[in-house]
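Q: Could you have a look at this structure, given as structure tokens, before my questions?
The values are calculated or read from the model by the stated rules, or taken from the named source; none is laboratory data. Quick caveat: nothing in here was measured; it's all calculated off a predicted structure. For neighbour counting, all protein chains shown are included, and Cβ atoms are generated from backbone atoms with ideal geometry for every residue, glycine included. Calculation scope for accessible area: heavy atoms of the full protein, side chains included, ligands and nucleic acids excluded. Shrake-Rupley method; radii C 1.70, N 1.55, O 1.52, S 1.80 Å.
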Amino acid sequence: MIVFTPGEPAGVGLDLVVQLAQDKRNSPIVVLCDPEVLQERARLLDLSLTIDANCESPSSDPQKITVCSVPVKTPVQPGVLDIANAKSVLDALDMAIEGCLCGKYKALVTGPVQKSVIQEAGFEFSGHTEYLADKSRTENVVMMLEGGGMRVALATTHLPIHRVAKTLSREMIEAKLRIVIESLQKTFLVPSPRILVSGLNPHAGEKGHLGLEEIEIIEPVCQALRKEGFDIEGPLPADTLFAGFASESVDAIFVMYHDQGLPVLKYASFGEAVNVTLGLPFVRTSVDHGTALDIAGFGTADLGSTKAAIRLAERLSGFSHGKN
């Protein structure tokens, strides 16, 4: 079965669960949240919802959803953040991670969280990717988004831009590129993946005139992997990097920082893209958008990315082949 964490209770995550529950699902899904808050959200959206508490045998029936209770501390008002409820968000994640690690769940799908309110509540939290790696004791993971016919993987994730160059090293880039290669081969079933690697600086450093990271860090890693027989091209200028998708077969693009690659992918596929964490000991996918506090409780949240995240979780964990 798949486990779903809706994320920030004041955001659209609960809207998405209620909307998702209106139709029959292909695979059994267990939602970790406060059932009373979910029921209240359904009433607010004027949608029928029956909550089932049998978490060992979740229902896929329309207008019915299985919920394992993770209580909030204070009443939830859509669109209004409350630091008192931040711990319930992490409690749900912890329960989901534990279930995945012990084999109870085949995959984890996550809804959007509000990083700021979690941090203001006193917890160290820079994002799902880092949290999942820490809790599963995974040394190296890679954040990758799939959408618009492309896959974009990141060397660094949620870092201030002034820290990116200091974080890059040959060892780090090589470790993350190997995770991308292995995941494409074993999880996405791409036997010989072709990967384009970006530079860090404008024009990929302009032969050292605009920075040395390409010469000293990125290029040596690409050369070493090519010598091993991997189809790696780079470092390439980021401003023309994505043109390769239009003219040749590319299985993934590997960029140095978050906003170097994701604006292009999200422009091409916003509302349908999926975030995947590579390198974890279980499958994890997520929506490509935030908590959308301004539309929470209005019933206008787009379900596209949620459905895409579930479909990819099903495919990567074997549900599409009839397994459970």
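Q: Among the residues of segment 303-321, is there at least one that is farther than 21 Å from Glu182 by Cβ, of a type in the set (S, T, N, Q) and assigned to a loop (DSSP other than H, G, I, E, B)?
A: no
Q: I'd like the full set of residues that are open to solvent by less than 10 Å² (accessible area, probe 1.4 Å) and modelled with pLDDT of 95 or more, limited to segment 113-132.
A: Val117, Ile118, Leu132
Q: Might you check whether a residue that is more than 21 Å from Val142 (Cα to Cα), among the small types (Gly, Ala, Ser) and surrounded by fewer than 21 Cβ atoms within 10 Å (Cβ to Cβ) occurs anywhere in segment 183-204?
A: no
Q: Do any strands (runs of 3 or more DSSP E) lying entirely in segment 52-157 carry at least 2 residues that are farther than 25 Å from Ile179 by Cβ and among the hydroxyl-bearing types (Ser, Thr, Tyr), and which ones are they?
A: Filter on segment 52-157 gives 64-69.
Q: Among the residues of segment 72-100, what is the count of those that are touching a Cys at 6+ places or on another chain (Cβ under 9 Å) and over 22 Å from Gly127 (Cβ atoms)?
A: Number satisfying all stated conditions: 0.
Q: Taking the stated definitions as given, is Ala238 in contact with a helix residue (DSSP H, G or I) (Cβ under 7 Å, 6 or more places away or on another chain) and either in contact (Cβ under 8 Å) with a residue 60 or more places away in the chain or crowded, with 22+ Cβ neighbours inside 10 Å (or both)?
A: no
Q: Looking at (1) more than 23 Å from Ile218 (Cβ to Cβ); (2) at pLDDT 95 or above, which is the only condition Lys166 fails?
A: (1)
Q: Right, something else. Is it fair to say Pro58 is in contact (Cβ under 8 Å) with a residue 40 or more places away in the chain and open to solvent by 50 Å² or more (accessible area, probe 1.4 Å)?
A: no
Q: Just the residues that are part of a strand (DSSP E or B) and either open to solvent by 10 Å² or more (accessible area, probe 1.4 Å) or under 21 Å from Leu316 (Cβ atoms) (or both), please, taken from segment 252-277.
A: Ala252, Ile253, Phe254, Val274, Asn275, Val276, Thr277
Q: Further question: Could you tell me whether segment 159-171 includes any residue that is under 13 Å from Ala252 (Cα atoms) and touching an Asp or Glu at 6+ places or on another chain (Cβ under 8 Å)?
A: no
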